[in-house]
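Everything below concerns the one structure shown next.
The values are calculated or read from the model by the stated rules, or taken from the named source; none is laboratory data. Being a predicted model, the structure only gives us computed values, none of them experimental. Cβ sites come from the backbone with ideal geometry, for glycine too, and all protein chains shown count toward neighbours. In case anyone asks, the SASA skips ligands and DNA or RNA and just uses the protein heavy atoms, side chains included. Shrake-Rupley method; radii C 1.70, N 1.55, O 1.52, S 1.80 Å.
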Amino acid sequence: MDAVVALDAGTTGVRAIAFSANGKPLGSAYQEFPQYFPQPGWVEHDATEIWDALLSVMSALKQQLPDTTFTALGITVQRETVVVWDRTTHLPLHRAIVWQDRRTADRCEQLEGELQKVRQISGLVLDPYFSGSKLEWIFSHTDITPSANVAVGTIDSWIVWNLTKENSDGAVHVTDTTNASRTMLCDIRTGEWSDELCAMFSIPKHVLPRIVPSSGRVGTTSSTCPLGAGIPISGIAGDQQASLFGQACFTPGMAKNTYGTGSFALLTTGNVCPQPVDGLLTTVAWSLTKEGGIETTYAYEGAIFVTGAAVQWLRDGLEIIETSAQINELAATVESSDGVVIVPAFTGLGSPWWDPYARGTILGITRGTTRAHLARATLESIALQTADAIGAMSAASHLPLTSLRADGGGASDLILQLQADLLGVQVRKSSVAETTALGAAYLAGLAEGVWTSQKQIEDNWQFEKEFTPSTDEVRRALLDQLTTQWRRAIDRSMQWAQND
């Protein structure tokens, strides 16, 4: 039996999944790795521990499928996290600085005058979320110098390096266009490192990886890979772009949302890079090797900081539920939130507002408010934030939203029905839960002929459940009222911590 393997290196754990030619998972293994918080606002990983965890899950997958031939390998990773390592010893020189890390916030504020340049070249906003200021911090705050023996990259670069370092022709140092587009060092129109942005952050280009397409062979696994030697490494993508590809959102106007701790909504815009829009990120969705060259597809991205984390807050902070799963049952005991609105801006607001000074608010409480109303208002906030982000992306792209495809652990029936009602389009929940890994597998298999076209991948896609917008006039009126209340609550939450 043949299979394509996806390595999914997330923020808290890694996974190896094998997929058949019809896109169905055949086996998987998962392992967490430690998180380090050396100071408030700092988040780090040990890159060696990430690699050791990957070795473990690859070994476990091989044991599950001993007679399987792995025809291709795809990689998808947490984005923006940066690693610095020695080219000779292959060892990290510093802990990886994670995308969540905020240590360079002051530096980003100092560069505020360069915002328009950053937006135009990279499609991003000046924020410590992205990689450029993290690398600058390492070279300016440690004794590590960007010499010829130093290599840097995001987690995908680190994984490819380790998969190939024992080959006779040496380690491969690459990143793909989707991960490069999240560094704030890349010109997303040319797909090359930007001289201007690298100079802004004092990053010499010789330490950076070569940028390659998301789909296309970059090397093969060495004999030390638990899956076997000689497996083509042919797909690389950041996690959210991989999910968009795994959801087969190939047509401009198609969108997906991943309902997790936060949520990331992406809308495919096509092969022309769209202009930057306030509150949204412009990003490379994927790039494919085709006859005549490389074809790049772009997307708008809405980053929503707190969705599932608000449910965790009800569980751990307010202790009104014992498990996160209980929230749906509790919320269903009331027909509405009875005028209660929760804006979960615990760490500011993301797209489309992008206000780091916003803070969480609860409005509309009366003596009759119960924990069930709070539960329902929390779930409503997830759907409302998503509707705001997707509405902004659709308006910016001038592409009418055709559908929304959903995945993630927080994609409950209650939320998805409300999402369909708010957006006025069908919402379909993928039958494959791990769409991020599936997207990486598709990108790899497409390069190796396992799948011959995007149309074949599209035909593979199936949904588990479908949610159709309500046409009931009373329901529509209540939704309009809810949206109006939500906008008023957003206004009250913004700039709250401005003087802190």
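A few points about this structure:
- Residue count, the range 303-345 (criterion: on the phi < 0 side of the Ramachandran plot and outside any helix (DSSP H, G or I)): 25
- Qualifying residue in the range 394-407 (condition: more than 30 Å from residue 497 (Cβ to Cβ), open to solvent by less than 30 Å² (accessible area, probe 1.4 Å) and touching a His at 6+ places or on another chain (Cβ under 8 Å)): no
- Evaluating residue 300 against the criteria (1) modelled with pLDDT of 90 or more; (2) over 18 Å from the mean Cα position of the chain (by Cα); (3) within 28 Å of residue 100 (Cβ to Cβ); (4) of a type in the set (Ser, Thr, Tyr) leaves one unmet condition, (2).
- Per the listing 317, 292, the residue uniquely surrounded by fewer than 17 Cβ atoms within 10 Å (Cβ to Cβ), within 30 Å of residue 217 (Cβ to Cβ) and not β-branched (Val, Ile, Thr) is 292.
- Scanning the range 435-465 for residues being more than 17 Å from residue 7 (Cβ to Cβ), assigned to a loop (DSSP other than H, G, I, E, B) and out of contact with any helix residue (DSSP H, G or I) (no Cβ under 9 Å at 6 or more places or on another chain) gives a total of 2.
- Those residues of the range 183-217 which are out of contact with any Cys (no Cβ under 7 Å at 6 or more places or on another chain) and among the basic types (Lys, Arg), in sequence order: 210, 217
- Yes/no for residue 428 being under 24 Å from residue 365 (Cα atoms), in contact with a strand residue (DSSP E or B) (Cβ under 9 Å, 6 or more places away or on another chain) and outside any loop (DSSP other than H, G, I, E, B): no
- Among (1) of a type outside the set (Val, Ile, Thr); (2) farther than 30 Å from residue 23 by Cα; (3) modelled with pLDDT under 90; (4) within 23 Å of the chain's Cα centre (by Cα), the one test that residue 381 misses: (3)
- Yes/no for residue 256 being among the basic types (Lys, Arg) and surrounded by fewer than 24 Cβ atoms within 10 Å (Cβ to Cβ): no
- Selection count where residues are surrounded by fewer than 17 Cβ atoms within 10 Å (Cβ to Cβ) and farther than 25 Å from residue 407 by Cα, scope the range 336-355: 2
- Test: residue in the range 369-386 that is surrounded by fewer than 22 Cβ atoms within 10 Å (Cβ to Cβ) and small (Gly, Ala, Ser): yes
- Screening 387, 433 for residues that are over 23 Å from residue 489 (Cβ atoms) and among the hydrophobic types (A, V, I, L, M, F, W, C) leaves exactly one candidate, 433.
- Candidate set from the range 360-405 (those that are of a type outside the set (A, V, I, L, M) and in contact with an Asp or Glu (Cβ under 9 Å, 6 or more places away or on another chain)); member that is farthest from residue 102 (Cα to Cα): 368
- Of all the listed residues (119, 103, 79), the sole one being part of a helix (DSSP H, G or I) and either open to solvent by 70 Å² or more (accessible area, probe 1.4 Å) or of a type in the set (Lys, Arg) (or both) is 119.
- Whichever residue in the range 421-458 is in contact with an Asp or Glu (Cβ under 8 Å, 6 or more places away or on another chain) and of a type in the set (Gly, Ala, Ser) and, among such residues, is most open to solvent (accessible area, probe 1.4 Å): 433
- Just one of (1) surrounded by 22 or more Cβ atoms within 10 Å (Cβ to Cβ); (2) under 22 Å from the mean Cα position of the chain (by Cα) fails for residue 418. It is (2).
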